[in-house]
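Have a look at the structure below, then the notes.
Any read-out appearing in this document is the output of simple, stated calculations on the displayed coordinates, not a laboratory observation. This one's a predicted model, so the numbers in the text were calculated from it and none came from an experiment. Neighbour counts are summed over all protein chains in view; Cβ atoms, including those assigned to glycine, are modelled from backbone coordinates with ideal geometry.
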Amino acid sequence: MSPDSISPGCAKTEMQHRRDMCVAGRWMYEQGYNVACDGNLSVRLDDERVLTTPTCMNKGMLSPEDMVVTDLQGQQLSGDRRFSSELAMHLLFYRMRPDVHAVCHAHPPTATGFAVAGRALDQASLPEVVVGLGRIPLVRYATPGTAELSAALEPQVPHYDALLLANHGAVTCGPDLLTAYFRMETIEHFAKITLAAELAGTPILFSSREVAKLMAARSRYFVTPPPGGGAELPVTCDANESGDHVRLTRNELDALIDEAVRKDRARR
Ligand SMILES: [Zn+2]
């Protein structure tokens, strides 16, 4: 196997997982998802052990022997280096989701820009995102690496494979490392396209009927939804009919305000 690639599947030796994590760490660094010592990766080795990247090291420059092995409670079992305090977030996925065998955390700049602006990536605008991830909710801010962040994540973990972390970054999970990494790529790509669409005009969203058709097609694309199902569907163009969300242009909003002011004056 080339050291620049990761073969799919999760039936691998520990050494293969260590090499895969070096490759995925390098991809994340080269794509600019992490700088300096940001981000972390992990893989479930078996029912009791997790392999993770070390803290205070650039994730694009790791060697297989830099990785750390812990148990599911975060006790270090082997490795010369220390693991990141952000591992707590990964362990939450492993404890709550038996289907999860890898977790990827990064700070991809465009998606993180949405998270800093307090915005979820929740619009129904691209088929592959609706089919693959449903929506990407925004988890409320809590100090990274604390029990507070785990508490904020906990209600969302059963329902989603990709989450934005307010004022922080993103976290993805999957049945293997390659899938978790690809989900991180999808988040950042979707964030870039959403931003470009908003700069180019007003994004045109799918109707709830179109979203239902895409959801129904998931099995054709071999997509296994999270065990809790997506708690909420992405925002559609007709969402306002069910009282969820209303999107207005500045002119439409101004016109509504003018009308309300006019009616108010007429009543006086
Ligand atoms: Zn982080």
Tell me, S78, S84, S150 in order of fewest to most beta-carbon neighbours within 10 Å? S78, S150, S84
How big is the dipole moment of the chain about its Cα centre under a simple scheme where the beta carbon of each Lys and Arg is +1, that of each Asp and Glu is -1, and everything else is neutral? Debye, nearest 20, please. 560 debye
Where does the charge balance sit around F93 when Lys and Arg score +1, Asp and Glu -1, over other residues with C-beta under 14 Å from its C-beta? -1
For the stretch 170-181, Karplus-derived ³J(HN,Hα) couplings (6.51, -1.76, 1.60; θ = phi - 60°; whole Hz; x for glycine and proline) come out as 9, 9, 10, 9, x, x, 7, 5, 4, 5, 4, 5
How far is helix 250-267 tilted, in degrees, relative to the longest principal axis of the Cα atoms in the chain, given as a value from 0 to 90 rounded to the nearest 10? 40 degrees
Viscosity 1.306 mPa s, temperature 10 °C, Stokes-Einstein D of the chain from Kirkwood C-alpha radius, µm²/s: 81 µm²/s
Candidate lysines for bridging to K12, where Cα separation is under 22 Å - those fewer than 8 sequence places away on the same chain excluded: K59
Please report how far the C-alpha centroid of the stretch 168-242 lies from that of the stretch 46-66, rounded to the nearest whole angstrom. 29 Å
Rounded tilt (10° steps) of 14-30 against the dominant C-alpha axis of the chain: 40 degrees
Built amide H within the under 5 Å cut-off of H101, gap 5+: G174, D176
Using all alpha carbons of the stretch 1-146, what is the percent of pairwise distances in each 5 Å bin, ordered from the shortest bin to the longest? 2, 9, 17, 20, 21, 17, 10, 4, 1, 0
Stretched out fully, how many nm does the piece from E232 to E30 gain, at 0.36 nm a residue minus the Cα gap? 69.4 nm
So if I place +1 on the C-beta of Lys and Arg and -1 on the C-beta of Asp and Glu, and nothing else carries charge, what would the dipole magnitude of the stretch 106-186 be about its Cα centre? I want it in debye, nearest 20. 200 debye
Would you compute, from DSSP H runs of 4+ residues alone, the mean residue ellipticity of the chain at 222 nm, taking -39500 (n - 2.57) per run and dividing by the full residue count, rounded to the nearest 500? -11500 deg cm²/dmol
Per residue of the stretch 34-50, what does 6.51 cos²θ - 1.76 cosθ + 1.60 with θ = phi - 60° give for ³J(HN,Hα)? Whole Hz please, x for Gly and Pro, Karplus curve as stated. 9, 10, 6, 10, 5, x, 7, 10, 8, 9, 7, 7, 7, 5, 10, 10, 10
For R44, R82, which order do you get if you count the other beta carbons within 10 Å of each Cβ and list the fewest first? R82, R44
With 10 angstrom as the radius, rank R97, R262 by how many other C-beta atoms surround their C-beta, starting from the fewest. R262, R97
Would you mind computing, in nm to one decimal, how far apart the modelled labels at F222 and D47 are, each placed 7 Å from Cα along Cα→Cβ? 2.8 nm
Given A102, G118, A142, which one lies farthest toward the positive end of the charge dipole of the stretch 96-155, if we put +1 on the Cβ of every Lys and Arg and -1 on the Cβ of every Asp and Glu? G118
For the chain, find the longest principal axis of its Cα atoms and tell me its angle to the long axis of helix 87-96, 0 to 90°, nearest 10. 80 degrees
